[in-house]
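Structure first, then comments.
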Amino acid sequence: MTLKTSLVRTFAGLAGVAVLASLANAAEPSEQHGKALAETNCAKCHATGLTGDSPHEKAPPFRTLGTRFPVDTIDEALLAKLSPKHSDMPTFEITPQQAKDIAVYIASIQPVAHGEALVAANCSPCHAIGKTGDSPHPDAPPFRTLSERYPIDALEEAFAEGIETGHPDMPSFTAEPEQIADILAYIWSVQDK
């Protein structure tokens, strides 16, 4: 085999690996791509973010879709072009990957999912934030037991004013009203019943 033939086969093989890698990556849903698609194509009618009202009175904000139907079926609904009977939603073309990406983004901004992301980023270094496990900090109660210690609704005021104490070395934490609502939705979702 000549050097030229060997190089051609090597580059062809590498190109094939690159194509397979890009196909594998394309199959994974992308929250960021879903957000970009929503902002570009849906924001004319829907509030697509964590706050705000929809520009179109009949278009629900994306963050409330979980109260209307299971968000894990949004990709199927988009592909089937399902819309409410009273809707004037335009028809559109969407690929299965785009539908998955939009669905992943919508799921991420539902109150419980967004609240989980907030507590994972801000509270998990000390607290067990899920339905199981021990808190990394011995004085930090697991979130699933907070309702045994405090009325969960009373935590809204504490978050709004900035929680200063909890466990002795707890850092100060302040949240915006929308964040507080989502944090509380998440905390409610993990309470031991």
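Residues are listed down the side, and each one gets a yes or a no for (1) closer than 25 Å to residue 66 by Cα; (2) touching a Lys or Arg at 6+ places or on another chain (Cβ under 7 Å); (3) surrounded by 11 or more Cβ atoms within 10 Å (Cβ to Cβ); (4) not aromatic (Phe, Trp, Tyr):
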residue: 125; (1), (2), (3), (4): no, no, yes, yes
residue: 137; (1), (2), (3), (4): no, no, yes, yes
residue: 143; (1), (2), (3), (4): yes, no, yes, no
residue: 152; (1), (2), (3), (4): yes, no, yes, yes
residue: 169; (1), (2), (3), (4): no, no, no, yes
residue: 181; (1), (2), (3), (4): yes, no, yes, yes
residue: 187; (1), (2), (3), (4): yes, no, yes, yes
residue: 193; (1), (2), (3), (4): yes, no, no, yes
remark   = Across the stretch 92-116, the tally of residues that are over 15 Å from residue 59 (Cβ atoms) and loosely packed, with under 14 Cβ neighbours inside 10 Å stands at 3
inquiry  = Among the numbered criteria (1) closer than 30 Å to residue 45 by Cα; (2) at pLDDT 95 or above; (3) touching a Phe, Trp or Tyr at 6+ places or on another chain (Cβ under 6 Å), which one does residue 129 miss?
reply    = (1)
key: Those helices (runs of 4 or more DSSP H) lying entirely in the stretch 123-193 with at least 1 residues among the aromatic types (Phe, Trp, Tyr) and closer than 22 Å to residue 107 by Cβ   = 177-190
request  = Being surrounded by 18 or more Cβ atoms within 10 Å (Cβ to Cβ) and either of a type in the set (A, V, I, L, M, F, W, C) or not assigned by TED's automatic domain parsing to the domain that holds residue 177 (or both) narrows it down to one of 65, 82, so name that one.
outcome  = 65
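Among the listed residues 107, 120, 99, which satisfies the condition of being free of Cβ contacts under 8 Å to residues at least 12 places away in the same chain and not polar (S, T, N, Q)? Please lay out each step first, then the result.
Values: 107 fails: free of Cβ contacts under 8 Å to residues at least 12 places away in the same chain; 99 fails: free of Cβ contacts under 8 Å to residues at least 12 places away in the same chain.
Among 107, 120, 99, only 120 is free of Cβ contacts under 8 Å to residues at least 12 places away in the same chain and not polar (S, T, N, Q).
The values are calculated or read from the model by the stated rules, or taken from the named source; none is laboratory data. Keep in mind it's a predicted model, so treat the numbers as computed, not measured. Heads up, the Cβs are rebuilt from the backbone with ideal geometry, glycines too, and the neighbour counts pull from every protein chain shown.
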